[in-house]
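S.K.: So that we are looking at the same thing, I have put the structure below in C-alpha cells.
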Amino acid sequence: MTDVHGAPDTEHLMAAIEGEVRRARASGALPQGFEQELDRLFAELSPASATGEGFAEMLRKAEEYSFIDPLAPVASNIRGGSAAKGAIRRLVLWNLEWMARQVSAFDHTVVVALRQLHERIQRIEQDVAAHPPAVSVRRAPPDVTEWAEFVADVLKETRGRVLHAECGDGTLVAALARGGLDAYGVDPRADLALAAADAGLDVRPDEVEDHLGLIGDGELGAVVLSGFVDSIALPRKVALAERAARAVAPDGSVLILSVDPRTWLAMGSPVEVDLAPGRPLRAETWQYLLEERGLRFVDVRHHTAQPAAEGATLGTGTYALVMARPR
C-alpha cells in the first residue's frame with residue numbers, strides 16, 4: 001500500500017494488520033497466550049529501551065551487555081575466508097583481549113554503582129511515602145456498570161485497541177467488545193483476571209503501570225482508567241497520566257472513571273481510605289495533568305452519590321472524564 005506520493009501508507013497498512021489480528025482472535029485461530037508470548041520474546045530480544053523497560057530491567061540488560069567478547073566469528077561464504085579471518089584473529093587477539101578486559105571491568109563497575117544508587121533512591125522514596133505502605137489492602141473490584149453505556153458510546157468510533165485498567169472482572173471489557181471494539185483489560189489481582197480470561201475475555205494479570213510501560217507511543221486507540229487511580233500516591237498518578245497520554249494515537253482518548261474525594265472519604269471502605277497512600281483527584285486536576293501532556297478536554301459526566309442522611313449532600317459521587325489527543 002502506498003500513498004499519493006508513492007510512500008508506504010503505514011496507517012492503512014497497520015489498520016489492515018489490526019483487522020486481520022482481530023479476525024484471527026475472534027475465530028480462535030490465535031492460541032491462548034500466543035500474543036503474550038510474542039510480547040515476552042520481543043521484550044527479551046529487542047534493544048535496550050525499545051519496549052520502555054523500567055530502570056531495574058535496563059540495569060539487568062546493561063550488566064548482560066557489559067562483557068565484551070574478543071573472539072570475533074570466523075565463518076565466511078568466501079573460499080579461504082575462514083582461514084584468513086582465523087589468521088587475523090590470532091594476530092590481534094592478544095591486543096583485543098587486553099582492551100576487552102579493561103572495558104568490561106569498567107562497564108561492570110558502572111553497572112554496580114548504578115544499581116547501588118538505584119537502591120538508595122528507592123529507600124529515599126519509601127521514606128517520603130512515594131510508594132504504597134507495606135500494609136496490604138484488598139480493594140474491591142471497581143464497579144463500572146453505571147458507566148458502561150456511556151464509555152461504549154464515547155469510544156464507538158475508536159480505531160485500534162482499547163485498554164481498560166484496572167478492569168476487575170472484565171465487565172467494561174465485555175461491554176466494549178459487544179459494541180464491536182477491540183477491547184482488552186489488565187488487572188493486578190490474578191484471581192479476577194484469570195476468571196475473566198476463563199470467561200472468554202482478553203484480560204491479563206499485570207500491574208497497570210508495568211503494562212503501559214511496555215506499550216509504544218500511539219499504539220492504543222483509547223485507555224480507560226478506573227479503580228486504582230483513586231488510591232495510588234500522587235507521584236504514581238502523575239507518571240500514569242504521562243504513560244496513558246503517550247500510549248494513545250492521534251484522535252485517541254483517555255477516560256478516567258473516578259470518585260469525588262468527598263464521597264470517597266464519606267462512603268469508601270474505612271480500611272482502604274485510612275491505609276491508602278493517596279486519595280482520588282477531582283476531574284479538574286486530572287484534566288490539568290492530561291492537558292499538560294497534549295490532550296484536550298472533551299467532556300465530564302457526573303453521577304450523584306446517595307445522601308448519607310435525609311437532607312445531606314455529598315456533592316458529586318463518581319465522574320467520567322474524557323480527554324482526547326488532537327490529530
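S.K.: For segment 238-297: of the residues being of a type in the set (Ser, Thr, Tyr) and touching a residue at least 40 places away in the same chain (Cβ under 8 Å), which is surrounded by the fewest Cβ atoms within 10 Å (Cβ to Cβ)?
M.R.: Per the stated criteria, the residue is Ser269.
S.K.: Collect the residues in segment 62-102 that are loosely packed, with under 14 Cβ neighbours inside 10 Å, aliphatic (A, V, I, L, M) and in a helix (DSSP H, G or I), keeping them in residue-number order.
M.R.: Ala83, Ala84, Ala87, Ile88, Leu91, Val92, Met99
S.K.: Still on this model: Can you find, within segment 155-172, the residue that is modelled with the lowest pLDDT among those that are buried (at least 24 other Cβ atoms within 10 Å of the Cβ) and under 17 Å from Gly252 (Cα atoms)?
M.R.: Once the filter is applied, the top-ranked residue is Ala165.
S.K.: Separate question: If I filter segment 13-25 for residues that are modelled with pLDDT of 70 or more, in contact with a Leu (Cβ under 7 Å, 6 or more places away or on another chain) and in a helix (DSSP H, G or I), do I get at least one hit?
M.R.: Checked against the condition, which is being modelled with pLDDT of 70 or more, in contact with a Leu (Cβ under 7 Å, 6 or more places away or on another chain) and in a helix (DSSP H, G or I), segment 13-25 yields at least one hit.
S.K.: Please tell me if Ser226 is modelled with pLDDT under 90 and either acidic (Asp, Glu) or under 19 Å from Val259 (Cα atoms) (or both).
M.R.: The answer is no for Ser226.
S.K.: Say whether the condition of being surrounded by fewer than 17 Cβ atoms within 10 Å (Cβ to Cβ) and touching a residue at least 12 places away in the same chain (Cβ under 8 Å) is met by at least one residue in segment 221-233.
M.R.: no
S.K.: Find the strands (runs of 3 or more DSSP E) located wholly in segment 154-272 whose residues include 2 or more that are in contact with a Ser or Thr (Cβ under 6 Å, 6 or more places away or on another chain), and list them.
M.R.: Here the list reads 220-226, 248-259.
The values are calculated or read from the model by the stated rules, or taken from the named source; none is laboratory data. Nothing here was measured: the structure is a model prediction, and the numbers come from that model. Cβ atoms come from the backbone with ideal geometry, glycine included; neighbour counts cover every protein chain shown.
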